[in-house]
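The values are calculated or read from the model by the stated rules, or taken from the named source; none is laboratory data. As the structure is a prediction and not an experimental result, all values here were calculated from the model. Backbone-built Cβ (ideal geometry, glycine too); neighbour counts: all protein chains shown. Quick note on the areas: whole protein, heavy atoms, side chains included, nothing else; ligands and nucleic acids left out. Shrake-Rupley method; radii C 1.70, N 1.55, O 1.52, S 1.80 Å.
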Amino acid sequence: MFGKNKNTNNIRPINAAGDQFIRVNAAQQAAHARKTHRKRRNCIYLLTALAAIFFVVTGLGNHSKMREAEAQTVKLSTQVAKAKAENKELNETKKNLKDPDYVEKYVRQRYMYTKNGEVVFNIPDDNE
C-alpha cells in the first residue's frame, strides 16, 4: 500500500507508432511526477529549516530574557536583605530612644552636648 505503485496500462497499441506514443507519454508522466515530488520535498525541507531557525531564534531571545530576569532577581534580593537589616537597626534605635539614659548618651556623643560645669577635652588619636 505504501510502496511504489506500478500502474499497468490496459491500453494496447495498434501499431508501433501507438506503442511509441504510449512509452513517451508514460516517460513524460514519470518525469513530471519526479519533478513534482522533488519540488514538494524541497518545499518541506525549506519549511522545516525555517521552523527550526524560528524556534532557535525565539529560544535564544527567551533565554537572554530569563538571564536578565535572574540577574534582576539577585539584585533585588540583595536590596531587600539590606533594607531588612536597615529596618531592624532602625527598630532597635527606635526602641532605645525610649530610654532616657540612651538618649542622653546619644546626644552627648553625636552633638557634643555637655552638662553644666562640664569641660570636654578632645584628645587626638595616636594614628594621626
Practice prompt. Using a Gaussian network model of the chain whose springs link C-alpha atoms within less than 10 Å, name the residue from N116, N87, N42 with the highest mean-square fluctuation.
Written response: N116
Discussion item. Lysine pairs in the chain with Cα distance under 17 Å, only those 8 or more apart or on different chains: how many are there?
Written reply: 9
Practice prompt. Express the accessible area of segment 60-110 per residue in Å², computed with a 1.4 Å probe while the remaining protein chains stay in the model.
Written response: 93 Å²
Worksheet, complete the sentence: Checking Y111, Y45, Y102 against a Gaussian network model of the chain (alpha-carbon springs below 10 Å), the top fluctuating residue turns out to be Y111
Item to complete: Could you work out how far apart the two model spin labels at T58 and V24 are, taking each label as a point 7 Å from the Cα in the direction of the beta carbon, and quote it in nm?
Response: 5.3 nm
Worksheet item: From the residues I22, A33, V56, which one has its Cα farthest along the dipole of the chain in the positive direction, the dipole being from +1 and -1 charges on Cβ of Lys/Arg and Asp/Glu about the Cα centre?
Response: I22
Fill in: Helix axis angle, 16-96 relative to the chain longest principal axis, alpha carbon, degrees
10 degrees
Worksheet item: For the chain, what % of the accessible area comes from carbon and sulfur atoms, probe 1.4 Å?
Response: 58 percent
Fill in: Dipole of the chain [Lys/Arg +1, Asp/Glu -1 at C-beta], most positive-end residue of Y102, Q72, P124
Q72
Discussion item. Let's test the formula: R0 of 35 Å, r as the Cβ-Cβ distance of C43 and N10. What FRET efficiency results, to the nearest 0.05?
Written reply: 0.55
Fill in: the chain - mean residue ellipticity at 222 nm from DSSP helices (-39,500 (n - 2.57) per run, n ≥ 4, rounded to 500)
-27000 deg cm²/dmol
